[in-house]
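Engineer: Encoded as structure tokens, here's the structure I'll be asking about.
Only the coordinates and a few stated rules stand behind these numbers; no lab work does. Small disclaimer: the values here were computed from a predicted structure and weren't measured. With ideal geometry, Cβ positions are generated from the backbone for all residues, glycine too; neighbour counts draw on all protein chains shown.
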């Protein structure tokens with residue numbers, strides 16, 4: 001063994017940086033190359049972040065270097081095993097920690113420790129049996145004090161199966177990804193506040209996170225249908241009855257996170273009205289059906305009840321307004337910022353009547369949910385594959401008629417940290433007079 005170090009950290013965001021530094025220093029001092037040092041630092045950062053956000057307990061980190069192999073273990077007091085999200089690899093901005101470990105580590109795993117919680121571990125180095133490379137290294141010593149014995153726990157009430165009827169597949173997948181991003185940032189924000197109020201808010205967020213994890217665990221089949229072309233599915237979600245109150249907590253926590261996002265205090269975009277409506281329906285269905293009510297199928301409500309409340313992006317719209325091309329510009333709140341005269345004529349509107357409206361006003365109603373899902377998915381991921389490529393789409397004119405257009409989207413920055421999308425439109429076939 002070249003090096004071994006065990007450190008305990010408090011459940012606070014600063015612990016991620018401290019754990020990263022401790023692991024980096026130990027691995028580097030043992031003579032490992034910088035690529036190994038960087039990979040170990042990256043993966044321990046992901047695992048400690050998960051422990052800080054979800055476990056809300058002291059976090060123990062051990063790092064062992066033996067020969068040309070590195071073993072890192074992250075322990076916490078939560079008995080809940082980590083769940084790898086089903087979000088697509090390129091698009092997800094959250095839930096990717098376990099995916100990174102799986103891709104970059106030589107080996108990895110998780111074990112429960114009776115009376116302690118769990119330990120998530122990974123190794124770096126040449127392939128081969130982990131036990132052979134770390135004789136006596138698994139399991140490593142747990143740096144945390146034993147958890148107090150609270151006595152026997154009562155048996156959980158019977159399980160519950162919630163039916164989410166006519167669930168819109170694309171919108172639901174985006175709701176899950178967006179909610180996870182909001183919740184993760186919100187948890188780190190309230191942890192940074194410190195004090196009694198910050199700790200209570202973090203505990204509430206952790207409880208809400210458990211509810212979201214239960215939805216995620218049951219959602220693999222829905223995500224598998226995301227790109228199948230199927231619009232909706234009747235989705236059954238098995239839940240322990242003891243977890244039902246956490247769905248009400250998740251509702252209130254996400255409301256607070258959305259307000260912070262609308263004020264620009266989180267990196268995640270604020271909820272679009274359609275996603276907020278779906279989230280409310282999903283969580284209310286859990287609470288209603290837990291009380292014995294019959295399932296109510298999803299139906300998009302009047303989303304004018306949900307305000308995005310985000311201020312207009314600070315952006316120079318003169319190039320769009322004066323362009324001879326048919327151009328429409330919208331910000332990351334899905335709000336139209338500018339329209340050229342050619343675009344207004346194509347869509348049958350006056351320029352001033354379009355500016356300030358949501359983009360969905362020029363999209364046929366049957367495509368609203370798909371548009372919102374794709375729009376938020378882009379904002380969350382920053383994926384570039386939709387940019388600069390002509391795509392045939394259907395646009396809605398003011399009189400209710402439709403026009404087929406070839407649309408090409410470009411992205412432009414708008415300080416501070418905002419995004420503007422500019423779309424050029426060419427009618428397919430004979431241009432409209």
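Engineer: Just round it to a whole percent: the fraction of Cα-Cα distances in the range 354-415 exceeding 18 Å.
Structural biologist: Here the tail beyond 18 Å accounts for 44 percent of pairs.
Engineer: Moving on to the next point. Between residue 255 and residue 221, what FRET efficiency follows from the Cβ-Cβ distance if R0 is 25 Å, with the result rounded to 0.05?
Structural biologist: Here the calculated transfer efficiency is 0.35.
Engineer: A further question on this structure: From the convex hull of the Cα coordinates of the range 304-433, what is the mean projected area in square nanometres?
Structural biologist: 8.0
Engineer: Here is a follow-up. Take the alpha-carbon centre of the range 1-35, take the same for the range 201-261, and report the distance between them in whole Å.
Structural biologist: 34
Engineer: Starting from the Cα of residue 426, move 7 Å in the Cα-to-Cβ direction to define the label point; list residues of the range 386-417 whose amide nitrogen is under 17 Å from there.
Structural biologist: The answer is 387-395, 404-410.
Engineer: Next up: What percentages, rounded to whole numbers, describe P(r) for the range 205-316 computed over all alpha carbon pairs with 5 Å bin width beginning at zero?
Structural biologist: 2, 10, 17, 21, 20, 16, 9, 3, 1, 1, 0
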